[in-house]
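Read the structure below first, then the notes.
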Amino acid sequence: TSVAHTTIVLLVLVCATLVQVNAQFRSYLRQPPPSTEPHKEWPFLRRCRPGEVYKTCQSSSCGENKCYQLVTGPRPCTLDCLTKCFCEKGLYRNEEGYCVHWWNCPTSPYFTPYTS
């Protein structure tokens, strides 16, 4: 039974790795082709709002901080792969979808968790 348990654990790990690699590959295929001239990529990079940065293949649960995490604590990282604008390091996504400093996040008991 120990061998069977080890085999199942290894299969789960292999499947999780394949899902992650597949998601990264699909995300890579959706990216615009890299330009040899930096100014040609600027419009693509400018799509993010202030306080956001464009990231490729980040976990939806830990790719950025969210205001509700100040109350509930961080969630475990998921194996999904999102390519989009995320809050810059040190900022938190509020319930309205904006990136703010922690002191601008709502506090309990008036806090409504942000749902994406």
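The figures follow:
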| read-out | value |
| --- | --- |
| Spacing of the two label points (7 Å from each Cα toward its C-beta) at Val9 and Thr78, in nm | 2.6 nm |
| 3J(HN,Hα) from dihedral phi, the stretch 57-66, Karplus parametrisation 6.51/-1.76/1.60, rounded to Hz, x for glycine, proline | 6, 10, 5, 5, 8, 9, x, 7, 7, 10 |
| Net charge, Ser61 excluded, C-beta distance under 11 Å - Lys, Arg +1, Asp, Glu -1 | 0 |
| Sorted by Cβ density within 10 Å, fewest first, the residues Val100, Val71 | Val71, Val100 |
| Sorted by Cβ neighbour density within 10 Å, fewest at the top, the residues Arg93, Arg75, Arg49 | Arg49, Arg75, Arg93 |
| Residues Glu96, Glu88, Glu52 arranged by fewest to most Cβ contacts within 10 Å | Glu96, Glu88, Glu52 |
| Length released on extending from Glu96 to Val53, taking residue separation times 0.36 nm less the Cα-Cα span | 13.7 nm |
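No value in this document is a laboratory result; all are computed from the given coordinates. Since we're looking at a predicted model, the values are computed, not measured. A quick note on method: Cβ atoms are made from the backbone with ideal geometry, for glycine too, and the neighbour counts reach across all protein chains shown.
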